[in-house]
Each structure stands twice: as C-alpha cells, then as structure tokens.
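So that we are looking at the same thing, I have put the structure below in structure tokens.
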Amino acid sequence: MNNSNEVATAAKTPVADTPPVQSSESPMNMTADAIAVKPVDVKAAELDNSQAANTAKTTNTDATVGEIRSPNPSMVCRDINVWYSDNHAIKNVSLDIGRNEVISMIGPSGCGKSTFLRCLNRMNDTIPTARVEGSIKLDGEEIQDRGIDVVPLRARVGMVFQKPNPFPKSIYENIAYGPRIHGLTNNRAELDELVETSLQRAGLWKEVKDRLEAPGTSLSGGQQQRLCIARAISVSPEVILMDEPCSALDPIATAAIEQLIDELRQQYTIAIVTHSMQQAARVSQRTAYFHLGDLIEVGSTDDVFNRPRHKLTEDYITGRFG
Ligand SMILES: Nc1ncnc2c1ncn2[C@@H]1O[C@H](COP(=O)(O)OP(=O)(O)O)[C@@H](O)[C@H]1O
Ligand SMILES: [Mg+2]
C-alpha cells in the first residue's frame, strides 16, 4: 500500500469471506451500554458459545478492516509510519478523524496508541529518536511539512495528558496563558471573559469562580483535569487529543470527564486513547483498534464492540488478549 487510494480501497473491502454476524440472537448484538455494565469475561464466555465465535474472522494484519474514511473529516492521515530508532511503532496507518465525533483508540499496551495520537499535533517532534512519515492533513492542510509552525498547530490540535499537569500558576493564569501568547484577546476584560467561558465549557466555572487566584495544583485530580481541558479550549482548538485522560481519576471524576467529552463533541473533534473498553463504549462514536503498530480495525463503536470483523479485535474485546 503505497498511496492513499490503495489504502482506502484496501480498507473498504472486507477481507473476510464471510459477512459480519447479524443474528439477532447473538449475544454480540448487545448495545454499547450493555457492554459498559457487563464484565468483559462474562461476555467472552457467552461469545464462545455463540455462532459468532464459529464464524471465520480475518487474521490478515496488512490491511485495516472497516471504513477508515469519514464523510466529514477534520483530519486525514494516510500511510503513517513511525519509528523510534529502529523500532517500527506505527505501520502504514491510514485513518480519518471525523469532525465533531469522538473516536477512541484502543488496544494492548505498547501497540502505538499514544504514538499515533502524538502524530496528530506533531508531539513526536519532541522525541529525538522518533521519525514520522506519511501525510497528515488538518482541514486539508499538510501538517507534516517542515515549514509548519507547531505552536499554532498545537493550539488548533490541543492535548490533554494522562496525568493532569496544571502549570504552577493560579487557576486564572493557567487559562489566560495560552490566549496571551497567541494574542487572542485585546484587553483584560476580553481575557477575563475568555477565562470564564473556557472554564464554563469545561464544567469547572461554578467550582472555581471564587478562587481564581488559588494555585491550579490546589484543585482535586478531577478538577485539575477539567482545568487542563479548559486550558486546551481557551485557544479555540478544532481537535482535542486525550491520552488516557481518566486513568489517574476516581470513578466520580471519571464520570464527570466522560460527560464533558460528550458535551464538547458538539464543538470539537475529540480523539481519545483509553485502556478502558467500557469508557470507549460510553464516550465514542467510532473506535480504532491497534495491535503491534497496525491499525487492525476501525468502525462504529457499536460495530467494533458487538460485531468485530477481525480475529484480533474479537480476541481483545472479549478479554482473550490484552
Ligand atoms: N518516547 C519513546 N521512545 C522510544 N520508544 C517509544 C517511546 N514511546 C513509545 N515507544 C515505543 O513505541 C511503541 C508504542 O508505544 P506507545 O505509543 O506508547 O503505545 P501505547 O500508547 O499503545 O501503550 C512501544 O514499542 C514503545 O516502547
Ligand atoms: Mg499510551
């Protein structure tokens, strides 16, 4: 697969000879919500007895199974390869990130989820051994070009990390910093307003409006993560990348972030890496399954979890691998 057309065609064509299982009796037809509350090992046991388990699945890892394209893409990635020295961490991955959708990246540890996410705003540039090849377009504009200024790019494609990382500054300054360096406001009143709307969009305003001068680090973990989301929002991004944003949070803080992600989808495109299949099922409309640097399967979250077409996807979501 040397050009994008071939990739798109390869990815569009089902590799398996047999169509995905459609039987209404199959336990695999449960909804994403059902998965969210159902322990994965129970599902695996049911799957073993189902007709679906007997259906031949593709095992080919050369071509992605499912539709890599989105009808209204915000980002278009084609033939992405990433190496760390001679470790080939991402292999010929092509994927669209659809506008106003949440796409989750799942797969076993070390499969390249974070590496792929970091391609989307050139964060791999910060890793000296990393080399990225391929085409990544944001609204049709190639972001892989050497001439691209990564500072405005990273405002347009913001990032939220696993561990909340507020600046060692006040709550107010955490949000005001970005708009100031990007020159987004003309005076203090405009900046105050932008700080307020960013915190409101991140669902944090009510909790912090009377303590804007307190250090960002004085907030709880969940509040700090919402502060980091507000910080990303403050510079008007189009895309927000989140790398396991809830893995350091308790279940209540996690639920608040998940609800926020759903609300933010109206205005932003969100790509989220999660090690929780339940979380992927709850927050995303599309899911991409990675395995050892290959994008194995992509599709609607419902399809990927309930009607996986690739053997590796099925093994992972049923808990046999991972
Ligand atoms: N900063 C780095 N330097 C060198 N190798 C890395 C670095 N980050 C990741 N890798 C390697 O790239 C591969 C994919 O890692 P990663 O993208 O972190 O996977 P995931 O996020 O799915 O756990 C692994 O083999 C990992 O060891
Ligand atoms: Mg990771």
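So for the range 140-148 (the condition being buried (at least 17 other Cβ atoms within 10 Å of the Cβ) and at pLDDT 95 or above), does at least one residue qualify?
Within the range 140-148, one or more residues are buried (at least 17 other Cβ atoms within 10 Å of the Cβ) and at pLDDT 95 or above.
Have a look at Asp262, Asp250 and point out the one that is under 19 Å from Gly158 (Cβ atoms) and surrounded by fewer than 18 Cβ atoms within 10 Å (Cβ to Cβ).
Only one candidate passes the filter, namely Asp262.
Now for a different question. Quick check, is Ser94 of a type in the set (Ser, Thr, Tyr), within 28 Å of Ser198 (Cα to Cα), crowded, with 20+ Cβ neighbours inside 10 Å and modelled with pLDDT of 95 or more?
No; evaluated as a whole, the condition is false for this residue.
Further question on the same structure: Val283 fails exactly one of the following numbered conditions: (1) within 13 Å of ligand 1 (Cβ to nearest atom); (2) at pLDDT 95 or above; (3) not polar (S, T, N, Q). What is the number of that condition?
Among (1) within 13 Å of ligand 1 (Cβ to nearest atom); (2) at pLDDT 95 or above; (3) not polar (S, T, N, Q), Val283 violates only (1).
Among the residues of the range 241-251, are any in contact with a helix residue (DSSP H, G or I) (Cβ under 6 Å, 6 or more places away or on another chain) and either assigned to a helix (DSSP H, G or I) or among the polar types (S, T, N, Q) (or both)?
Looking for residues that are in contact with a helix residue (DSSP H, G or I) (Cβ under 6 Å, 6 or more places away or on another chain) and either assigned to a helix (DSSP H, G or I) or among the polar types (S, T, N, Q) (or both), one finds none in the range 241-251, hence no.
Are any of the residues in the range 289-298 in contact (Cβ under 8 Å) with a residue 12 or more places away in the chain, small (Gly, Ala, Ser) and farther than 26 Å from Arg180 by Cα?
Looking through the range 289-298, at least one residue is in contact (Cβ under 8 Å) with a residue 12 or more places away in the chain, small (Gly, Ala, Ser) and farther than 26 Å from Arg180 by Cα.
Are there any pairs, at least 6 apart or on different chains, whose C-beta atoms fall under 9 Å, with the first in the range 201-212 and without any contact (Cβ under 8 Å) to a residue 40 or more places away in the chain and the second of a type outside the set (S, T, N, Q) and surrounded by fewer than 18 Cβ atoms within 10 Å (Cβ to Cβ), and if so, which?
Close Cβ pairs (under 9 Å, with a partner that is of a type outside the set (S, T, N, Q) and surrounded by fewer than 18 Cβ atoms within 10 Å (Cβ to Cβ)) amount to Trp205/Glu196; Val208/Ala214; Lys209/Glu196.
Which one is nearest to Gly293 (Cα to Cα) among residues in the range 81-105 that are not in a strand (DSSP E or B) and not acidic (Asp, Glu)?
Looking at residues that are not in a strand (DSSP E or B) and not acidic (Asp, Glu), I get Ser85.
Working only within the range 120-139, note down all residues that are touching a residue at least 40 places away in the same chain (Cβ under 8 Å) and assigned to a loop (DSSP other than H, G, I, E, B).
Leu120, Asn121, Ile127, Thr129, Asp139
Return the only residue of Ile143, Ile127 being within 12 Å of ligand 1 (Cβ to nearest atom) and of a type outside the set (Gly, Ala, Ser).
Ile127
Sticking with this one: Looking for whichever is within 23 Å of Glu258 (Cα to Cα) and more than 12 Å from ligand 1 (Cβ to nearest atom) here; the options are Asn81, Asn92, Asn72, Asn165. Which one fits?
Asn165
Being away from ligand 1 (no atom under 13 Å from the Cβ) and either closer than 19 Å to Val76 by Cβ or in contact with a strand residue (DSSP E or B) (Cβ under 9 Å, 6 or more places away or on another chain) (or both) is the filter here; which residues of the range 261-280 pass it?
Result: Ile261, Asp262, Leu264, Arg265, Tyr268, Thr269, Ile270, Ser276, Met277, Gln279, Ala280.
Determine, yes or no, whether Pro108 is in a loop (DSSP other than H, G, I, E, B), within 16 Å of ligand 2 (Cβ to nearest atom), in contact (Cβ under 8 Å) with a residue 24 or more places away in the chain and not small (Gly, Ala, Ser).
yes
The values are calculated or read from the model by the stated rules, or taken from the named source; none is laboratory data. What you are looking at is a predicted structure, and each value in this text was computed from that prediction instead of being measured. Glycine gets a Cβ as well: all are built from the backbone with ideal geometry, and neighbour counts include every protein chain shown.
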